[in-house]
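Heads up: the structure comes next, in structure tokens.
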């Protein structure tokens, strides 16, 4: 693999691709976190979600060995992948820089994924959405449900602030209510409100943001 012999754990994952396995069908979960200041931000949140989402798919994850992950980089992207009957795989790489002035388009069709609330390794739909946006010169695209309600982008949550209130898509809607957004809401020094809103419902004077655990929060613009 890239001229190097894969580790035993990597070999286990690669071999499973050629079999009737959880990896072949995307039956696994993962989480992506930021390592900074000698630790993983929101580590407990990441491990608890990994465990909870695995349980929904019918398997368990031993999270204790994952509590002491270290990185050779000062700031790193840490991805933890868990599949049934396999030890979790940890991938560490340099953390990408956050986007500058990201612009969002709107995906033209409803996006309804049965497992939208789970962070599974079956990510082709989200990759398709990301490429749709990039081919048109945008950073990402906003998805909506069959009623036109705002959900998320392919890789981030969205929220907006008007006056003294932070608005975000109602978690009852079919989207991944991410760890970064949960903590932004928890730490907000203003009123917060979950809403079922359409693109046209966002006030023109509102400040719009996208967020995830790698980029934090980034101001953005929506191009209808």
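Which ordering of 176, 127 is given by a fewest-first count of other beta-carbon atoms within 10 Å?
127, 176
Between the stretch 31-77 and the stretch 116-181, how far is it from one alpha carbon centroid to the other, in angstrom?
Rounded to whole Å, the Cα centres lie 22 Å apart.
When the helix-only estimate is applied to the chain (DSSP H runs of n ≥ 4, each -39,500 (n - 2.57), divided by the residue count), what is the mean residue ellipticity at 222 nm, nearest 500 deg cm²/dmol?
Result for the chain: -6000 deg cm²/dmol, rounded to the nearest 500.
Report, to the nearest 10°, how far helix 8-17 tilts away from the longest principal axis of the Cα atoms in the chain, using its own Cα long axis and a range of 0 to 90°.
That helix lies at roughly 70 degrees to the long axis.
Would you please state which residues of the stretch 29-68 a label at residue 121 would reach in this model, taking the label point 7 Å out along Cα→Cβ and a backbone N cut-off of under 11 Å?
In the stretch 29-68, the label zone of residue 121 (backbone N under 11 Å from the point 7 Å along Cα→Cβ) covers 29-31.
Nearest 5 is fine: what % of DSSP beta bridges in the chain come out antiparallel, could you say?
Restricted to the chain, the bridges split so that about 75 percent are antiparallel.
What fraction, in whole percent, of alpha-carbon pairs in the stretch 161-224 exceed 15 Å separation?
So the pairs more than 15 Å apart make up 54 percent of the total in the stretch 161-224.
For the stretch 103-222, what proportion of DSSP beta bridges, expressed in % and rounded to the nearest 5, is antiparallel?
60 percent
If the label point is 7 Å along Cα→Cβ of residue 223, which residues in the stretch 120-151 have backbone nitrogen under 18 Å from it?
129-143
Helix 124-135: angle to the longest alpha-carbon principal axis of the chain, degrees 0 to 90, nearest 10?
Relative to the chain, helix 124-135 is tipped by roughly 50 degrees.
I'd like the per residue volume of the convex hull spanned by the Cα atoms of the stretch 103-222, given in cubic angstrom.
Looking at the stretch 103-222, the number lands at 101 Å³ per residue.
Please work out how much length the chain gains when fully extended from residue 101 to residue 113, using 0.36 nm per residue of separation minus the C-alpha to C-alpha distance, in nm with one decimal.
1.5 nm
Readers should treat all values here as calculations from the given coordinates under stated rules, not as data from a laboratory. If you're wondering where the values come from, they're calculated on a predicted model, not measured in any experiment. Quick reminder, even Gly has a Cβ in these numbers, built from the backbone with ideal geometry, and neighbours come from all protein chains shown.
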